[in-house]
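The values are calculated or read from the model by the stated rules, or taken from the named source; none is laboratory data. Note that the structure is predicted; figures quoted are calculated from it, not measured. Virtual Cβ from ideal backbone geometry, glycine too; neighbours counted across all protein chains shown. Areas reflect the complete protein model, heavy atoms only, side chains present, ligands, DNA and RNA absent. Shrake-Rupley method; radii C 1.70, N 1.55, O 1.52, S 1.80 Å.
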Amino acid sequence: MALASTTLPTRSGLSLWCPSSPSLARRFRARFSPIGSRIASRGLVTASFANENREFVIVGGGNAAGYAARTFVENGMADGRLCIVTKEAYAPYERPALTKAYLFPPEKKPARLPGFHTCVGGGGERQTPDWYKEKGIEVIYEDPVTGANFEKQTLTTDTGKQLKYGSLIIATGCTASRFPDKIGGSLPGVHYIREVADADSLIASLGKAKKVVIVGGGYIGMEVAAAAVAWNLDTTIVFPEDQLLQRLFTPSLAQKYEELYRQNGVKFVKGASINNLEAGSDGRVSAVKLADGSTIEADTVVIGIGAKPAIGPFETLAMNKSIGGIQVDGLFRTSTPGIFAIGDVAAFPLKIYDRMTRVEHVDHARRSAQHCVKSLLTAHTDTYDYLPYFYSRVFEYEGSPRKVWWQFFGDNVGETVEVGNFDPKIATFWIESGRLKGVLVESGSPEEFQLLPKLARSQPLVDKAKLAGASSVEEALEIAQVALQS
C-alpha cells in the first residue's frame, strides 16, 4: 500500500519526507522537529513507552487538565506533543456540576455529559473526546499514574504502562475525605462525590431513598441538600459547627441561608459529632449514630467533610506541610526542574495577600492551568496573581420557588457590614483598617457581580458608617463604587 506524503523544509534548504497520515505525521514531527530532536537525543523517543506524545504529559483529567489542554492548543503546541493520563473514563469536564444540576431528578432536566465538558464553564469550546483527537492530543483513560521516576522522567500506570515525559504537569486535584471503614464509611448507601461515577451512584440511591442524611455543612452539604429537596426527600444536614459554611459566612448570613433551607424542608443537627454509621439487616446504611447516643434514620448518607490533595506517587516532591499540597512558585514550578503542579493539588504564593495558600475551586483550576502553560511555552514570566473567588448556585431546578446564587471575592477578614434583607438580595462587606477586603452578594445582577472583583482587588478606603446606613444592596454597592473611583 502506498503512503501519501508531504515534504518539510529544513533550515539548510533541504526537504524531508513526511507522511501525511496524522498519526504517522505526529510521530515524524516528534522525531525530526527541532524540539523533537532534542527529546530524541535525551532518549525520550523509545518504542517501549506506551504514550506516543511525550513532550508534555499532564497527570489528571479534571478541570485544570482541560484548560491546560486548551492553552497548549492556543499556543500551537498540542498536536503530537501533549498526552493526558486520567483515572476517569471521561474527557475533562466542569466538576462543579456534579453537586449541582447533575443531581437533579430526571423530570427537572439534570445536566449530563457531553453538556459540561471543559471549557464551557469558562466561556470556551466544549472539548469532547473527539476534540482531543482532532487536536492531536493523546488521552489515556481509566489508568491512573501509580509510580514516578523523576530521574528517568518516566511514569508507571495502574495497568503497568510505562510513560515518558519531557515536561510534567501534575493536575491530580483532591480526593474526598472519607469515614473509616470501621465506623461504616464504606457501607452500601454511603456516598462521596468527586467524579461522575460517584454522582451516578448517588443518583441511583436518591431514586430509591426516603431519608437522606448529609454529613458536613460546607459547599458539598449545602449543594447536595438543595438537590435532595428536588427529589422530595426527608433531608437532614449534620455538622459539628454551630452554623453553615463557617469558614466564609458570618453568623447572621448563615442564619438567613439556614432559614431558607428550613423553608424547603431541610432539617439541621448542629454541633454534632458522628460516632458511627449503622447497617440494617440488608447490609445497607440504616442510621447515623451521633456521639451523644442519639440516632438519625437514613437509607442514604452523603459525606461532605472536605478533601485532601491527591499527591499519589508524587510524595517525594517538595510539599507544603502546613497547608498540604505540592509546593510551587508563582509560575507553578516545583523544586524539581521540568515538573509543575496546578489546581487543587498546588500550594502556591497568594501574591495579593503575601501568603502561601492552596485553593480548591474551579476558578483557580482554570486560571492556574492557563498561567502555568503560558509560562512553560512562552516568555511569560509574570507571577500568578490570583484573587480568591467562591460561589454557589442551589435550588436552580425547574419549579423551585427561590433560586440561590451568591458570589464572594477577596478575603473574609476584619469587621463586617451586612446590607439587605435577603428578599432576595443581601450583601456582606469585610473591612479591615478602613479598607474593603472582601464582599459577598446574593442574587446580584451581572453588572453587580462584575463590580465585586474590582472592589476586592483594589481594596478601597470605605466609610463603614455610610455603608452600614445604606437602605439597599444597590445603594451599598454604589457607595463602594464611589470609593473605588476616589
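Among the residues that make up region 125-145, is at least one of them in contact with a strand residue (DSSP E or B) (Cβ under 6 Å, 6 or more places away or on another chain), over 30 Å from N75 (Cβ atoms) and either at pLDDT 95 or above or outside the structural domain of E278 (by the TED database) (or both)? Lay out the reasoning, then the answer.
Keep residues of region 125-145 that are in contact with a strand residue (DSSP E or B) (Cβ under 6 Å, 6 or more places away or on another chain), which gives 126-128, 132, 137-140, 143, 145.
This time we only want the ones that are over 30 Å from N75 (Cβ atoms), so: none.
Scanning region 125-145, I find no residue that is in contact with a strand residue (DSSP E or B) (Cβ under 6 Å, 6 or more places away or on another chain), over 30 Å from N75 (Cβ atoms) and either at pLDDT 95 or above or outside the structural domain of E278 (by the TED database) (or both), so the answer is no.
Considering only region 419-438, I want to know if a residue exists there that is buried (at least 21 other Cβ atoms within 10 Å of the Cβ), under 22 Å from the mean Cα position of the chain (by Cα) and assigned to a strand (DSSP E or B).
yes
Would you mind listing the strands (runs of 3 or more DSSP E) fully within region 107-215 where at least 3 residues are out of contact with any Gly (no Cβ under 9 Å at 6 or more places or on another chain) and touching a residue at least 24 places away in the same chain (Cβ under 8 Å)? Walk me through it before giving the result.
Numbers: elements: 138-140, 145-149, 154-157, 162-164, 167-170, 174-176, 211-215.
In region 107-215, 211-215 are the strands (runs of 3 or more DSSP E) which contain 3 or more residues that are out of contact with any Gly (no Cβ under 9 Å at 6 or more places or on another chain) and touching a residue at least 24 places away in the same chain (Cβ under 8 Å).
Is it true that some residue in region 226-233 is open to solvent by less than 60 Å² (accessible area, probe 1.4 Å) and not hydrophobic (A, V, I, L, M, F, W, C)?
No; the residues of region 226-233 include none that is open to solvent by less than 60 Å² (accessible area, probe 1.4 Å) and not hydrophobic (A, V, I, L, M, F, W, C).
Return the residues of region 324-337 that are loosely packed, with under 14 Cβ neighbours inside 10 Å and not hydroxyl-bearing (S, T, Y); say none if nothing qualifies.
P337
Suppose the filter is among the aliphatic types (A, V, I, L, M), more than 30 Å from S400 (Cα to Cα) and out of contact with any strand residue (DSSP E or B) (no Cβ under 9 Å at 6 or more places or on another chain); does A97 pass it?
Considered against the rule, which asks whether it is among the aliphatic types (A, V, I, L, M), more than 30 Å from S400 (Cα to Cα) and out of contact with any strand residue (DSSP E or B) (no Cβ under 9 Å at 6 or more places or on another chain), A97 comes out as no.
Among the residues of region 163-180, how many are under 24 Å from the mean Cα position of the chain (by Cα) and of a type in the set (K, R)?
Qualifying residue count for the region: 1.
Here are the criteria: (1) open to solvent by 40 Å² or more (accessible area, probe 1.4 Å); (2) modelled with pLDDT of 95 or more. Tell me which single one F249 does not satisfy.
(1)
With respect to T154, determine if the residue is surrounded by 14 or more Cβ atoms within 10 Å (Cβ to Cβ) and farther than 28 Å from R367 by Cβ. Steps first, please.
Values: surrounded by 14 or more Cβ atoms within 10 Å (Cβ to Cβ): yes; farther than 28 Å from R367 by Cβ: yes.
When the stated conditions are applied, T154 passes them.
Basic (K, R) and under 25 Å from R95 (Cα atoms): does that describe K374? So that I can check it myself, show each step before the final result.
Numbers: basic (K, R): yes; under 25 Å from R95 (Cα atoms): yes.
Criteria met by K374.
One line per residue, one yes/no per condition, for (1) outside any helix (DSSP H, G or I); (2) in the same structural domain as N149 (by the TED database):
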{"position": "G330", "(1), (2)": "yes, yes"}
{"position": "S335", "(1), (2)": "yes, yes"}
{"position": "A365", "(1), (2)": "no, yes"}
{"position": "A369", "(1), (2)": "no, yes"}
{"position": "D382", "(1), (2)": "yes, no"}
{"position": "E396", "(1), (2)": "yes, no"}
{"position": "F409", "(1), (2)": "yes, no"}
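Would you point out the residue of region 375-418, among those that are within 26 Å of L477 (Cβ to Cβ) and β-branched (V, I, T), that is surrounded by the fewest Cβ atoms within 10 Å (Cβ to Cβ)?
Checked region 375-418; the qualifying residue surrounded by the fewest Cβ atoms within 10 Å (Cβ to Cβ) is V413.
Can you spot a residue in region 100-115 that is within 17 Å of E74 (Cβ to Cβ) and not assigned by the TED database to the domain that holds G216?
No, region 100-115 contains no residue that is within 17 Å of E74 (Cβ to Cβ) and not assigned by the TED database to the domain that holds G216.
Confirm whether N75 is polar (S, T, N, Q) and over 16 Å from the mean Cα position of the chain (by Cα).
Yes; evaluated as a whole, the condition is true for this residue.
Could you say which residue among E138, E125, E134, E107 is over 30 Å from W405 (Cα atoms) and open to solvent by 60 Å² or more (accessible area, probe 1.4 Å)?
Of E138, E125, E134, E107, the one residue that is over 30 Å from W405 (Cα atoms) and open to solvent by 60 Å² or more (accessible area, probe 1.4 Å) is E134.
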